[in-house]
Amino acid sequence: MDENTIRNHLFRLAVIICLIGGILLASGVGVISYAMRSVHDDIHEQMKVEAQEYKNHIFKQFDKDLQILGTLASIFSMDHIFYSGTDNIMTWITKANSAYNDFVSIAYFTLDGAGMVNTFGTEFNSDYPLGSCNESIQVAVKKAFAGEQAISRFFVSEITDGQLYVYSVPIWYEGKIIGALAASSRLDIFDEIANDNMVMGGNGFVHLIGSEGKFLVRSSKSVVPMIQEYTTIFDGPYIAGKNQADILDMMKKQQSGFYEFNYGEKSYHFYLQPLGINDWYLMCVDTMWGNSPYIYQIFFVMGGSYFLMLILSCFLLFYGYSIIRKNYNNLIKLAYFDQVTGAENFARFEKRLSACRKQTDEYSVVAANMRNFKFINELFGKEDGNLLLNYLRKQFDLCMKENEFFCRDNADQFYLLLRDTNQTKIKARLQDIISRVNEDVRKNGRGFHVNIYFGVSISGDTHQALLAQQHIRQNSNQQVHFYDDDIHKTELKNHYIESHMDQALESGAFKLYLQPKMRLSDGIVAGAEALVRWQTDDGQFLYPGEFIPLFEANGFCARLDLYMVECACRQLREWLDNGIKPIPISVNQSRLLFMENHYVDALKRLLDKYQISAALIVLEILEGLAAENLEVLNNRIDQLQSAGFKVSMDDFGSGYSSLNTLYQLKLDELKIDRAFLCATSQENDEMRFIVLKQIIQLAKKLNITTVIEGIETKENAEMMVSFGCEYGQGYYYSKPISAKEFTQTYMQ
Ligand code: C2E
Ligand code: MG
Ligand code: MG
């Protein structure tokens with residue numbers, strides 16, 4: 001998973017978490033508002049039902065009263081009371097208005113407007129013309145004259161000094177209306193409703209109102225105090241102006257509806273239901289919704305706990321997210337950053353480089369290394385080594401321009417991406433770094449010198465930059481080297497070598513060449529050194545210097561060396577089979593093979609296979625081995641010598657060999673590097689020869705045979721004899737030649 005994928009995942013995760021949070025929030029709000037709406041609707045429904053019930057209740061009372069009055073009218077007509085004279089009528093009405101009904105008064109009106117009335121508990125008034133009655137009574141009675149049963153509006157009666165209303169029914173005789181009976185009643189039934197404690201289960205009250213919102217009967221439970229001047233529901237600031245207009249409009253149409261009024265910072269719902277009599281309305285008010293702490297508490301607790309849960313869930317979600325994010329960031333740090341310097345690592349550099357290459361070729365890749373970092377690390381300790389790496393990181397940081405970047409790969413290997421492609425410019429920038437580092441190190445006075453060198457590939461890649469850098473390490477003292485054609489060719493060759501080596505080994509392309517080893521005293525061939533040559537498919541020869549270093553690096557050398565031992569054995573067998581007295585053959589052995597566990601056994605198997613004495617094989621090892629672990633090396637030499645092999649140290653004096661090791665190693669032979677003879681500078685000849693002589697003398701004392709390499713002239717040979725060296729190899733005698741030629745030349 002790369003960095004972008006991780007960032008995309010993180011982004012998606014964040015979006016999902018926000019979505020979940022949003023959904024939770026929306027669903028919470030939805031659930032709570034649904035619950036509130038349900039309760040709200042329930043209350044409205046209850047108000048409707050309740051208003052209907054009160055309406056029914058009122059109607060029942062009206063029906064009852066109208067029925068009583070109707071029955072009285074029937075009796076009045078059937079018993080011909082209206083014919084019986086004023087006294088009789090007076091008596092009948094007085095009787096009718098008894099304690100058996102709730103009427104305040106009963107009156108009889110004839111169609112001509114004459115009337116008489118009995119008011120319960122007072123004297124009979126036989127002169128009570130309709131014209132003298134209250135307007136409301138007149139309207140109701142006229143309706144009865146027209147054949148309707150009617151209920152009047154409320155009016156204030158002079159007789160009872162209270163509000164009354166009147167029922168009136170027609171009196172029929174022989175199919176005609178001859179007059180009307182009217183009976184007045186107190187507002188008891190309305191008062192009952194208005195003062196009922198059980199309206200809305202105790203959480204409401206009912207007003208009776210007339211047209212234009214006028215209070216007809218006002219409930220004593222009203223939340224708005226009963227102020228005298230407030231005669232309609234619209235008085236005072238309680239019902240909003242817009243609602244007032246709506247209500248009036250609705251009342252005109254005799255429809256029902258829900259509205260709200262505000263009082264004391266609370267809002268109350270009310271339901272207006274037309275009564276169906278006159279233009280009266282029942283106004284049923286709910287006090288629970290606006291007023292009940294209970295309902296708010298429920299919603300408060302519900303909402304509160306839901307939001308607590310929501311906050312908790314969101315917190316958990318975000319907490320989880322932040323942990324994941326942190327882990328992701330740590331992963332990215334581990335995956336893309338170097339732990340020692342905090343610089344980007346190679347993986348990230350390669351990623352950025354490949355992105356850059358897709359866009360442009362106006363860049364160069366620089367591989368940077370220090371010549372002596374290993375030495376500094378070992379001598380001054382890892383901590384100082386790390387400090388130095390961090391210091392270098394800072395220097396590279398300072399050198400970076402816009403869109404440039406760098407990384408530390410491993411050890412002291414850094415890569416830089418510069419946006420310059422001009423060699424002079426690049427060189428100047430890199431020289432600048434070198435000078436600054438040198439200056440700082442000098443000032444610091446730690447006693448070491450930091451020698452940075454750079455391989456540069458213009459518009460190339462890290463591999464090419466590294467090759468250019470390695471070119472400096474192997475070939476020169478330069479500090480900056482650019483990847484060029486030569487390196488490219490070497491690279492191609494190396495590629496060829498590595499991709500063809502296996503096949504070459506199987507097809508016998510590695511050939512045994514032999515160079516004679518001469519006994520210097522008499523010039524007799526005392527042995528031969530096996531040197532490999534690779535004959536490529538096109539017949540050309542590759543020399544060991546071209547492929548041995550590669551094989552040492554990739555491990556193939558171990559296989560090749562054993563193969564060369566086998567070639568030597570085969571050659572010895574051939575000589576023996578042909579009756580030729582064999583001479584020992586020296587075979588070069590790489591470090592890798594020499595230290596392999598099965599090494600000695602593998603050699604013995606070869607001896608067995610070709611029936612060759614181990615004494616005929618000399619194994620040449622490189623002096624570098626002695627620098628590693630003397631004890632292990634001596635054990636191995638022991639094993640080989642016990643098996644009968646001779647062990648020779650090759651190229652002695654070419655590296656960091658010390659004469660001390662000579663004492664400690666149980667060598668059979670010392671091959672002195674040809675550099676002692678072929679060195680170019682003449683000035684040190686004298687000294688060099690003194691050392692050479694001493695080495696030969698010392699080896700002699702230690703019973704180690706000496707062989708000098710690189711005898712190219714007669715003088716060389718003579719000098720070596722004078723120094724006491726026993727054997728010599730060199731072009732003076734012969735170059736390495738094919739085994740066949742060697743046999744023909746030296747073995748007949
Ligand atoms: P070496 O073992 O020291 O072999 C001697 C090298 O010096 C040979 O080079 C030889 O051709 C060269 N030489 C001999 N006489 C003279 C002289 O008078 N003047 C000069 N200038 N050179 C002389 P060559 O064959 O190119 O081999 C180079 C090195 O490659 C060998 O050095 C040896 O270390 C390595 N090598 C060769 N064959 C093998 C092999 O089969 N296995 C391993 N591991 N290394 C091998
Ligand atoms: Mg050799
Ligand atoms: Mg040598």
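Just so it is clear, none of the values below were taken in a lab; they were calculated from the coordinates. In this text, all values refer to a predicted model and were calculated from it rather than measured experimentally. A quick note on method: Cβ atoms are made from the backbone with ideal geometry, for glycine too, and the neighbour counts reach across all protein chains shown.
With no solvent and one equal point scatterer per Cα, compute the Debye intensity ratio I(q)/I(0) for the stretch 493-747 at 0.11, 0.12, 0.15 Å⁻¹ and report its log10, rounded to two decimals.
Each listed q corresponds, in turn, to -0.60, -0.72, -1.15.
Taking the Cα centre of each part, how many Å lie between the stretch 674-748 and the stretch 8-41?
The distance from the Cα centre of the stretch 674-748 to that of the stretch 8-41 comes to 93 Å.
Pull up the cross-link candidates among the aspartates and glutamates for Lys242, meaning alpha carbon to alpha carbon under 17 Å and not fewer than 8 places away within one chain.
Glu212, Glu260
Filter Lys511/Lys714; Lys351/Lys374; Lys351/Lys489; Lys517/Lys740 down to the pairs with a C-alpha to C-alpha distance above 19 Å, please.
Lys511/Lys714; Lys351/Lys374; Lys351/Lys489, as the Cα separations exceed 19 Å there.
Using a Förster radius of 51 Å, what is the FRET efficiency between Glu123 and Glu260 based on their Cβ-Cβ separation? Nearest 0.05, please.
Numbers: r = 52 Å, r/R0 = 1.01.
For Glu123 and Glu260, the calculated efficiency is 0.50.
Taking the Cα of Asn477, stepping 7 Å toward and past its beta carbon, and measuring to each backbone N in the stretch 441-457: which are under 18 Å?
What the label zone holds, given the 18 Å backbone N cut-off, is 449-454.
So what is the 222 nm mean residue ellipticity for the chain from helices alone, if each DSSP H run of at least 4 adds -39500 (n - 2.57) and you divide by all residues, rounding to the nearest 500 deg cm²/dmol?
Numbers: 23 runs with 372 residues, N = 748.
Helix-only estimate at 222 nm: -16500 deg cm²/dmol.
Report the one residue of Gln138, Phe124, Ile189 whose Cα lies farthest in the direction of the positive end of the charge dipole of the stretch 122-214 (charges on C-beta: Lys and Arg +1, Asp and Glu -1; origin at the Cα centre).
Gln138
What ³J(HN,Hα) values, in whole Hz, does the Karplus curve 6.51 cos²θ - 1.76 cosθ + 1.60 give for the stretch 324-329 when θ = phi - 60°, with x put for Gly and Pro?
4, 4, 4, 4, 4, 5
Want the number for Asn329 to Phe307: 0.36 nm per residue separation, take away the alpha-carbon distance, what's left?
The span from Asn329 to Phe307 would gain 4.8 nm if fully extended.
Near the amide H of Ile737, under 5 Å away, which other amide H atoms are found, from residues 5 or more places off or on another chain, if H is placed in the peptide plane?
Those lying under 5 Å, H to H, from Ile737 are Leu514, Gln515.
Rounded if a/c is under 1.5, else prolate if a/b beats b/c, else oblate: with a ≥ b ≥ c from the C-alpha gyration tensor eigenvalues square-rooted, which is the stretch 79-186?
It is oblate, given that a/c is not under 1.5 and a/b is not larger than b/c.
Which entries in the list Lys95/Lys176; Lys581/Lys646; Lys700/Lys735; Lys604/Lys701 go over 21 Å, if you measure between the two C-alpha atoms of each?
Check vs 21 Å cut-off fails for Lys95/Lys176; Lys700/Lys735; Lys604/Lys701.
By its C-alpha gyration tensor, with a ≥ b ≥ c as the square roots of the eigenvalues, how is the stretch 190-291 shaped: rounded for a/c under 1.5, else prolate for a/b larger than b/c, else oblate?
It is rounded, given that a/c, with a ≥ b ≥ c, falls under 1.5.
Near Lys401, which lysines are there with a Cα under 18 Å away, not counting those fewer than 8 places off in the same chain?
Within the straight-line limit of under 18 Å, Lys401 reaches these lysines: Lys425, Lys427.
Roughly what would the spin-label model give for Phe299 and Ser267, points 7 Å off Cα along C-beta, in nm?
Between Phe299 and Ser267, the simple spin-label model gives 1.0 nm.
Evaluate the charge dipole of the stretch 79-186 about its Cα centre and quote only its size in Debye, nearest 20, assuming +1 on the Cβ of each Lys and Arg and -1 on the Cβ of each Asp and Glu. Show your work: numbers first, answer last.
Working: 6 positive and 11 negative charges, 60 e Å.
Result for the stretch 79-186 is approximately 300 debye, rounded to the nearest 20.
What shape does the chain have by the C-alpha gyration tensor, where a ≥ b ≥ c are the square roots of the eigenvalues, rounded means a/c under 1.5, and otherwise prolate means a/b greater than b/c and oblate the rest? Before the final figure, lay out the partial values.
Values: a/c = 6.43, a/b = 5.06, b/c = 1.27.
It is prolate, given that a/c is not under 1.5 and a/b is the larger ratio.
Calculate, for Tyr663 and Arg533, the FRET efficiency according to 1/(1 + (r/R0)^6) with r their C-beta to C-beta distance and R0 41 Å; round to the nearest 0.05.
With a Förster radius of 41 Å, E is 0.65.
Could you derive backbone 3J(HN,Hα) for the stretch 123-128 from the dihedral phi with the Karplus parameters 6.51, -1.76 and 1.60 (θ = phi - 60°), listing whole Hz in sequence and x where the residue is Gly or Pro?
Once rounded to whole Hz, the list reads 6, 6, 10, 8, 10, 9.
Can you tell which of Ile298, Tyr453, Leu550 lies farthest toward the positive end of the dipole of the chain, using +1 and -1 charges on the Cβ of basic and acidic side chains (Lys, Arg; Asp, Glu)?
Highest projection toward the positive end goes to Leu550.
In nm, give the distance between the simple-model label positions of Ala411 and Glu686, each being 7 Å from the Cα along the Cα-to-Cβ direction.
That separation, rounded to one decimal, is 4.1 nm.
With label points built 7 Å along Cα→Cβ from the Cα atoms of Lys176 and Glu45, find their separation and express it in nm.
5.7 nm
Under a straight-distance cross-link criterion of Cα-Cα below 13 Å, which aspartates and glutamates are reachable from Lys48, leaving out those fewer than 8 residues away in the same chain?
Of all the aspartates and glutamates, those that pass the test against Lys48 - Cα under 13 Å, at least 8 places apart if same chain - are Asp286.
Going by Cα centres, the stretch 137-191 and the stretch 517-538 are how many Å apart?
152 Å
Can you give me the long-range amide H partners of Tyr173? Hydrogens built in the peptide plane at 1.01 Å from N, cutoff under 5 Å, separation of 5 or more residues or another chain.
Ile178
Going by average Cβ neighbours within 10 Å, how do the peptides 577-590, 230-243 rank, with the highest at the top?
Put in order of decreasing packing, that is 577-590, 230-243.
First measure r as the distance between the Cβ atoms of Met198 and Ile23, then evaluate 1/(1 + (r/R0)^6) with R0 = 41 Å and state the FRET efficiency to the nearest 0.05.
For R0 = 41 Å, the calculated efficiency reads 0.40.
Roughly how many Å is it from the Cα centre of the stretch 554-633 to that of the stretch 435-501, as a whole number?
36 Å
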